[in-house]
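Asks: Take a look at the following structure, please.
The values are calculated or read from the model by the stated rules, or taken from the named source; none is laboratory data. If you're wondering where the values come from, they're calculated on a predicted model, not measured in any experiment. Note: ideal-geometry Cβ built from the backbone for every residue, glycine included; neighbour counts use all protein chains shown. Areas reflect the complete protein model, heavy atoms only, side chains present, ligands, DNA and RNA absent. Shrake-Rupley method; radii C 1.70, N 1.55, O 1.52, S 1.80 Å.
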Amino acid sequence: MANAIQDKSRAFAIRIINCYKYLDKEKRERIMSKQLLRCGTSIGANTRESKNAQSRMDFLNKLNIALKEADETEYWLDLLHATNYLDDSMYESINSDCEELIKLLTSIIKKIKETSDK
């Protein structure tokens, strides 16, 4: 399951980078798009970093950070959509991927906590 999250978060980061380039070049939006770039790529960076976690708690911590970054990404996507920088189809597509990452991260974190409690 860890490989799935790493693959999906990397693919999502690429989408975020392309979205950032579009927002910067086509829409001339630089403030919110930089925030989106930062948190949207951080999800993959933290899941990647979790590969080399020093302990189960360190692994869990990295995934929790990735989850927080995914939540923040969802926030910026919503604002960009609400202010018409992202049209409905672009927003729905990329936000759907973000929601999938949130569900996957939540599921992994929950499983780790359940096995730790036993």
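Asks: Identify, from the list 37, 63, 77, 23, the residue that is touching a helix residue (DSSP H, G or I) at 6+ places or on another chain (Cβ under 6 Å) and closer than 24 Å to residue 111 by Cβ.
Replies: None of the others qualify; the one that does is 63.
Yes/no per residue for (1) assigned to a helix (DSSP H, G or I); (2) open to solvent by 70 Å² or more (accessible area, probe 1.4 Å); (3) modelled with pLDDT of 95 or more:
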residue	(1), (2), (3)
3	yes, yes, no
8	yes, yes, yes
12	yes, no, yes
16	yes, no, yes
37	yes, no, yes
47	yes, no, yes
54	no, yes, yes
68	yes, yes, yes
71	yes, yes, yes
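Asks: Can you work out which of the residues in region 77-97 that are buried (at least 21 other Cβ atoms within 10 Å of the Cβ) and under 14 Å from the mean Cα position of the chain (by Cα) is farthest from residue 38 (Cα to Cα)?
Replies: Top of the filtered list is 94.
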